[in-house]
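Okay, so here's the structure we're looking at.
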Amino acid sequence: MNCSMPTHSFRSALAHDPAPPLDCPSVGIVVPVYNEIAQLDRLTGDLLAQDYAAIEEIWFVDGGSDDGSAERLQALQDRDNRVRLVHNPRRGPAAALNTAIPQMRTDIILRLDAHATYAADVVRQGVEALLATGAGGVGAIARPAEGRTTVARSIVAAHKSRFGLGGARFRQDTAAGWADTVWNGCYWRHVIKQVGPLREDLLRAEDNDFNERVRRLGYGLYLCPAIRAYYEPRRTLPALWSQYMANGKGVAFAWFDNPRAFGLRHLAPLALLSALALGLLAGLIWPPTMVAFAALLGLYVAALLAAVVIAARSEPGAHLLLLPCALATLHLSYGSGALWGLAVRATRTKSVPALPGSGP
């Protein structure tokens, strides 16, 4: 574990009363699931192979699977007394966590995604990082798993590119240290209790909101590269479009309720889409301004090509021919979703109420 104790001004979760045990704190894992039969054996295998001795609970919260996932998990529960299968009629991942966490009794709670693979020391590395840093929560770098087709590999390259996802620290392979948000968060239970439940109305943005509330209480969030986990990106461009359209909508909705949870990079795709759309509209209304639109479009295309050149330095291949399409899909779908979300929320007279206890 290579997470050191740097100088910082965050509140120490270790100094909070009641103080957690410092030798071998107990850990509970919670995983929202829905129709995961294709990767269920791999997922459960990764969790059961963890080398940390004090994993006392493994919760699978099922959102109504109809592919046999629930039955497979029920059989696992019958064989392993650490496993809990509970049902989530509200289906969303925030609702899944809010269902399980109040029932968990471990010192540490680790939220994991079903669509990912995990090294055997993920839990141990997370615990050691919490103890070494005094952070309220720690997390992994969101490393994408390698794709098998040319299109899938181009999508992975888009996720790795800083031009694709805006340079978020938790997506940078060499990043380490304090961050605004973390993926697959591992938190002290007493910190979660102070923060309150996740916002179930902030679809696709509940993690950003939750982590901002952790920071608002004075606790730090630490990104530890030794926590090795790999998520599964979408494999087709239409699936990628749907995913990031929904992500853009979620961020736009959440911005009205908690703008502190987001940075300017979250608005970059919206700014790009708006500039292109307004430039084209202006050019159609007054043809001389079409020159400005063409220049803006040319700059964007040049940026896409530059991203290809940069990616080719470290990972050359035929899939990079599709990288501009994957990047444009990320940008325009996210921007479209954000524009739609802002338009809908701006027309509402009342904001969506928060869940009780969701404030700091």
Legend entry - The one condition in (1) surrounded by fewer than 17 Cβ atoms within 10 Å (Cβ to Cβ); (2) part of a helix (DSSP H, G or I) that P316 fails to fulfil: (2)
Inset, instruction - Select, from A239, A158, A252, the only residue that is buried (at least 19 other Cβ atoms within 10 Å of the Cβ), under 26 Å from G147 (Cβ atoms) and of a type outside the set (S, T, N, Q). - result: A158
Inset, instruction - Return only the number of the condition from (1) farther than 17 Å from V123 by Cβ; (2) buried (at least 23 other Cβ atoms within 10 Å of the Cβ) that A38 does not satisfy. - result: (2)
Legend entry - Breaking point among (1) out of contact with any His (no Cβ under 6 Å at 6 or more places or on another chain); (2) surrounded by 13 or more Cβ atoms within 10 Å (Cβ to Cβ), for A302: (2)
Legend entry - Cβ-Cβ under 6 Å pairs, at least 6 apart or on other chains, the stretch 229-251 side part of a loop (DSSP other than H, G, I, E, B), far side surrounded by 17 or more Cβ atoms within 10 Å (Cβ to Cβ) and of a type outside the set (A, V, I, L, M, F, W, C): P233/P144; P233/H159; R234/Q243
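Return a yes/no flag: does the stretch 50-62 have any residue that is touching a His at 6+ places or on another chain (Cβ under 8 Å), surrounded by 19 or more Cβ atoms within 10 Å (Cβ to Cβ) and either in contact (Cβ under 8 Å) with a residue 12 or more places away in the chain or part of a strand (DSSP E or B) (or both).
The answer is yes, given that some residue of the stretch 50-62 is touching a His at 6+ places or on another chain (Cβ under 8 Å), surrounded by 19 or more Cβ atoms within 10 Å (Cβ to Cβ) and either in contact (Cβ under 8 Å) with a residue 12 or more places away in the chain or part of a strand (DSSP E or B) (or both).
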Legend entry - Those residues of the stretch 208-228 which are assigned to a helix (DSSP H, G or I), modelled with pLDDT of 90 or more and surrounded by 18 or more Cβ atoms within 10 Å (Cβ to Cβ), in sequence order: D209, F210, N211, E212, R213, V214, R215
Legend entry - Options V182, V122: the member that is β-branched (V, I, T), at negative phi, out of contact with any helix residue (DSSP H, G or I) (no Cβ under 7 Å at 6 or more places or on another chain) and buried (at least 24 other Cβ atoms within 10 Å of the Cβ): V122
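Could you tell me whether A132 is touching a residue at least 60 places away in the same chain (Cβ under 8 Å) and not in a helix (DSSP H, G or I)?
no
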Inset, instruction - Output the residues belonging to the stretch 185-207 that are in a loop (DSSP other than H, G, I, E, B) and either crowded, with 22+ Cβ neighbours inside 10 Å or without any contact (Cβ under 8 Å) to a residue 60 or more places away in the chain (or both). - result: L198, R199, L202, R204, A205
Inset, instruction - Give the stretch 105-125 a look and list any residue that's of a type outside the set (S, T, N, Q) and under 17 Å from the mean Cα position of the chain (by Cα), or say none. - result: I109, L110, R111, L112, D113, A114, H115, A116, Y118, V122
Legend entry - Residue among P102, P89 that is part of a helix (DSSP H, G or I), under 23 Å from the mean Cα position of the chain (by Cα) and either in the same structural domain as E146 (by TED's automatic domain parsing) or in contact (Cβ under 8 Å) with a residue 60 or more places away in the chain (or both): P102
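The values are calculated or read from the model by the stated rules, or taken from the named source; none is laboratory data. None of the values given here were measured: they were computed from a predicted structure. No Cβ is skipped: glycine too gets one built from the backbone with ideal geometry, and neighbour counts run over all protein chains shown.
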